[in-house]
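The values are calculated or read from the model by the stated rules, or taken from the named source; none is laboratory data. Please read all numbers here as calculations on a predicted model, not as lab measurements. In this analysis, Cβ positions are derived from the backbone assuming ideal geometry, glycine residues included, and neighbour counts consider all displayed protein chains.
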C-alpha cells in the first residue's frame, strides 16, 4: 500500500501506521498528464455487515500491487501508474482482480480489464466512468473483543492485568489459529502505543487448558483468560491497544496480498499490528506521575 490512506476507528488505529510503513501505492499518479487519470482510476464502496463506519478495509489490486484503505463512508479509489512506470513495456495487459480484505470478514473481489496500461470501461463489474457497479459487502466471520480488568495504570507502579479475549461467530463454523504458545512465548500479547507507533511483545499466563492451536468459533462465545504482568516503568505514558495474536484459517488468500502489507505481517512479530482486523476493546491508558 504506498502508503495507504488512514485508519480512524480506535480499535483499528494500527493501520494508520501501516499507511506510513508499508510498501504499496495509493494514487500518487492522479495528476500525471501522460494518460488521462480517468482511464486509470477505479472507484468503489465497501459495506460492512455489522457497523456503520466502513473505514479501514484494505483494498488491493493484483498485477499492480496497489493498495489503499476505505474512508468512513466506505469509499475508495485506486489509480494505475502511468504506462511508462508499469512492469510491461507499453503498459500491462490482462484481467486483474481487485480485492476488499479484512482478516475477520469474508473477502470480496471484482474483475477488471486492462489494455495498454489503462482500464477498459465499461466491463462486467465496472461502469463506463470507472465506478464499480455494486458495493463490496463484507460479512463478519468472527468478532474479537478484548476486556481488561482496568482501563488505566500508572507508569511508576508495577501492575497485573486480567485480560479476557472473546471470539464469537454468527456464521459458524469458523476456525481460528489462536496458539497458547508461540515459540517460548506463552499467551503472546502485543502492546501498541497508539501515539508513537511503538510495539512491544509481552508474554502472559493463560489460565485455562488449551489442547489445540486452532479453535472453532460459533455463536456461543469462546473466551481465553490471561494474566499480564507489566513491570514498573515498562510502558511510557500514553494510549495503548492490547492485541492478542491470532489468525483466520487460510481462506485461499491471493498471492501477494499479505506481502503487500509488509514483511512478516502474519508472523508473531511487531509487524503483526498491521494485519487488517476490526477489534473491540483492549484500550489501556498509562498515566504519568
(request) Please specify each residue of the range 188-216 satisfying the condition of being touching a strand residue (DSSP E or B) at 6+ places or on another chain (Cβ under 8 Å) and more than 25 Å from residue 274 (Cα to Cα). (result) 207, 208, 210
(message) Testing residue 72 on (1) over 22 Å from residue 248 (Cα atoms); (2) at pLDDT 95 or above; (3) touching a strand residue (DSSP E or B) at 6+ places or on another chain (Cβ under 8 Å), one condition comes back false. Which one is that?
(response) (3)
(request) Tell me which of these residue 219 doesn't satisfy, since it passes every other one: (1) touching a strand residue (DSSP E or B) at 6+ places or on another chain (Cβ under 9 Å); (2) farther than 22 Å from residue 168 by Cα. (result) (2)
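Considering only residues that are modelled with pLDDT under 90 and part of a loop (DSSP other than H, G, I, E, B), which ones fall in the range 34-49? Working first, answer last.
Step one: filter the range 34-49 for residues modelled with pLDDT under 90, giving 34-38.
Within the range 34-49, 34, 35, 36 meet the criteria.
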(message) Anything in the range 77-89 that is touching a residue at least 40 places away in the same chain (Cβ under 8 Å) and in a loop (DSSP other than H, G, I, E, B)? List them, or say none.
(response) 80, 81, 82
(request) Starting from the range 251-267, take each residue that is within 18 Å of residue 277 (Cβ to Cβ) and list its partners that are exposed (fewer than 13 other Cβ atoms within 10 Å of the Cβ) and modelled with pLDDT of 90 or more, counting only C-beta distances under 8 angstrom and pairs at least six apart or across chains. (result) none
(request) State whether the residues of the range 64-73 include one that is over 30 Å from residue 245 (Cβ atoms), over 27 Å from the mean Cα position of the chain (by Cα) and surrounded by fewer than 18 Cβ atoms within 10 Å (Cβ to Cβ). (result) no
